[in-house]
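The values are calculated or read from the model by the stated rules, or taken from the named source; none is laboratory data. Treat the numbers as computed from the prediction; the structure is a model and nothing was measured. When we count neighbours, we look across all protein chains shown, and the Cβ atoms used for this are built from the backbone with ideal geometry, even at glycine. SASA here: full protein model, heavy atoms, side chains in, ligands and nucleic acids out. Shrake-Rupley method; radii C 1.70, N 1.55, O 1.52, S 1.80 Å.
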Amino acid sequence: FNTVLYTGNGSTDRNITGVGFDPDLTIVKSRSGGENWGAGDTVRGGGFLIYPNLSNAEVTANAYITPSAVSDGFNISTGNNNSSGNNYVAWNFKAGGAAVSNTDGTITSQVSVNNTLGFSIAKYAGNAISGATYGHGLDAAPELVLNKVLNYNQSWWAFTPTLGANKFMQLNTTAAATTDSDYYYSVSSSLFTLNGPGYPPALNQSGKNYITYNFTSKPGFSKVGS
């Protein structure tokens, strides 16, 4: 993990370097202007953007963050991530590079994982079957999961055992933690089980694609707490 600061210049297709490694997840926020957060990852690939503070679906077309597009950094578009004169912070996380297929579950997922650091990115397609499973790639159960549907306007779901059984939060709202067994993950050392039905705001809607960012504690590297 590393944090990089930069100043926007309004240019298009700009490279930001100095991360210290090739990141797999980059999250950007303006520190001096009221702009949306932006996130890009190597599993979804280049030319895409999702907003951690909004329920909006994934966007393309002149709005993107592409980690590892250049050595030691990431590539950004103009606008939300590079307004002239604004100061920005970029949080960069290292997973496992390009995604590979994970067939551990009943749904094949695309996963980039770094088990030394306790971080993985997993993408899966919903099938509306209650009890469907997909692999997250980690060698231990995730202690923090952020889930966003990509092709539908729906809140980010945040899960952690710290909240208690069947509880989740919405990353992009001010709502308190919610208890609902229909929308809670069952988590094992290799799989997520999707308990909910296949209608909004579910985690397993047919025809919908999802991205998850998954964290677990690793002594000497990371600690998930509260």
Legend entry - Those residues of the stretch 89-98 which are more than 18 Å from residue 116 (Cβ to Cβ) and either within 16 Å of the chain's Cα centre (by Cα) or without any contact (Cβ under 8 Å) to a residue 24 or more places away in the chain (or both), in sequence order: 90, 91
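Among the residues that make up the stretch 13-20, is at least one of them touching a Pro at 6+ places or on another chain (Cβ under 7 Å), in a strand (DSSP E or B) and either open to solvent by less than 20 Å² (accessible area, probe 1.4 Å) or closer than 23 Å to residue 208 by Cα (or both)?
No, there is no match, as no residue in the stretch 13-20 is touching a Pro at 6+ places or on another chain (Cβ under 7 Å), in a strand (DSSP E or B) and either open to solvent by less than 20 Å² (accessible area, probe 1.4 Å) or closer than 23 Å to residue 208 by Cα (or both).
I'd like to verify a number: residues in the stretch 187-206 that are at pLDDT 75 or above and open to solvent by 50 Å² or more (accessible area, probe 1.4 Å), how many?
From the stretch 187-206, those at pLDDT 75 or above are 187-195, 202-206; that's our starting set.
Retained after the next criterion (residues that are open to solvent by 50 Å² or more (accessible area, probe 1.4 Å)): 187, 189, 195, 206.
Total meeting the criteria: 4.
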Legend entry - Which numbered condition residue 68 fails, given (1) more than 19 Å from residue 148 (Cβ to Cβ); (2) surrounded by fewer than 22 Cβ atoms within 10 Å (Cβ to Cβ): (2)
Legend entry - Exclusive hit being under 22 Å from residue 37 (Cβ atoms) and either outside any loop (DSSP other than H, G, I, E, B) or β-branched (Val, Ile, Thr) (or both), set 133, 66, 116: 66
Inset, instruction - Scan the stretch 89-119 for residues that are farther than 18 Å from residue 142 by Cβ, surrounded by 23 or more Cβ atoms within 10 Å (Cβ to Cβ) and not small (Gly, Ala, Ser) and jot them down. - result: 92
Inset, instruction - Go through (1) under 18 Å from residue 123 (Cα atoms); (2) surrounded by fewer than 18 Cβ atoms within 10 Å (Cβ to Cβ) one by one and return the number of the condition residue 5 breaks. - result: (1)
Inset, instruction - List every residue pair whose Cβ atoms lie under 6 Å apart, where the two residues are 6 or more positions apart in sequence or sit on different chains, the first residue falls within the stretch 36-64 and is over 16 Å from residue 209 (Cα atoms), and the second residue, located anywhere, is open to solvent by 40 Å² or more (accessible area, probe 1.4 Å) and of a type in the set (Val, Ile, Thr). - result: 47/60
Legend entry - Test: residue in the stretch 144-154 that is over 25 Å from residue 37 (Cβ atoms) and surrounded by 17 or more Cβ atoms within 10 Å (Cβ to Cβ): no
Legend entry - Selection from the stretch 24-49 of residues that are farther than 20 Å from residue 97 by Cβ and surrounded by 23 or more Cβ atoms within 10 Å (Cβ to Cβ): 28, 38, 49
